[in-house]
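One structure is given below, encoded as structure tokens.
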């Protein structure tokens, strides 16, 4: 069985994401993590729209971010988003953001839980998520 599943995507740093010195403001890295999650979800068939179609949302309950180097206006950064498997009814992702030279500029982790669109926290794995994990080789069918 697979232990982790990844997807790599790119973003171009926009002017609005930078401070007056042209350096990415630290709070925007959380948005870059979201960009990575969205690309991961579209690529692997577990997007936010897929979740909504199954009557769930997945709010973040924890996020961590470690800054190592700056990104600058105009940089094309690579976001590696990796799903970390868990037996619990949650999604855990880790991130590496790389600058154009391939150096790690930021790492992070987020944890999301499953909430029915009516607002009820799901303590068990939703059926659509279980099916996805089977398809991805994370669970035996």
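The values are calculated or read from the model by the stated rules, or taken from the named source; none is laboratory data. Worth saying up front: this structure is predicted, and the values here are computed from it rather than measured. Cβ: placed from backbone, ideal geometry, glycine included. Neighbour counts: every protein chain shown.
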Residues within segment 43-62 that are surrounded by fewer than 16 Cβ atoms within 10 Å (Cβ to Cβ), touching a helix residue (DSSP H, G or I) at 6+ places or on another chain (Cβ under 8 Å), closer than 21 Å to residue 9 by Cα and in contact (Cβ under 8 Å) with a residue 40 or more places away in the chain, tallied: 1
Candidate set: segment 104-118, residues that are in contact with a strand residue (DSSP E or B) (Cβ under 7 Å, 6 or more places away or on another chain) and part of a loop (DSSP other than H, G, I, E, B); chosen: the one modelled with the lowest pLDDT: 117
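So which of 101, 75 is within 26 Å of residue 20 (Cβ to Cβ) and out of contact with any strand residue (DSSP E or B) (no Cβ under 9 Å at 6 or more places or on another chain)?
From the options 101, 75, the qualifying one is 101.
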Restricting to segment 66-83, name every residue that is assigned to a strand (DSSP E or B), over 10 Å from the mean Cα position of the chain (by Cα) and surrounded by 14 or more Cβ atoms within 10 Å (Cβ to Cβ). 67, 72, 77, 78
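Look through segment 1-42, keep the residues that are part of a loop (DSSP other than H, G, I, E, B) and free of Cβ contacts under 8 Å to residues at least 60 places away in the same chain, and return whichever of them is surrounded by the fewest Cβ atoms within 10 Å (Cβ to Cβ). Quick ask: steps written out before the conclusion?
To start, the set of residues in segment 1-42 that are part of a loop (DSSP other than H, G, I, E, B) comprises 1-3, 13-14, 19-22, 25-27.
Next cut, free of Cβ contacts under 8 Å to residues at least 60 places away in the same chain only: 14, 19-22, 25-27.
Values: 14: 11, 19: 12, 20: 5, 21: 8, 22: 14, 25: 11, 26: 12, 27: 9.
The extreme case among them is 20.
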Residue 139 vs (1) out of contact with any helix residue (DSSP H, G or I) (no Cβ under 7 Å at 6 or more places or on another chain); (2) surrounded by 13 or more Cβ atoms within 10 Å (Cβ to Cβ): all pass except (1)
For residue 104, work out the one condition from (1) closer than 19 Å to residue 8 by Cβ; (2) surrounded by fewer than 17 Cβ atoms within 10 Å (Cβ to Cβ); (3) in contact (Cβ under 8 Å) with a residue 40 or more places away in the chain it doesn't fulfil. (3)
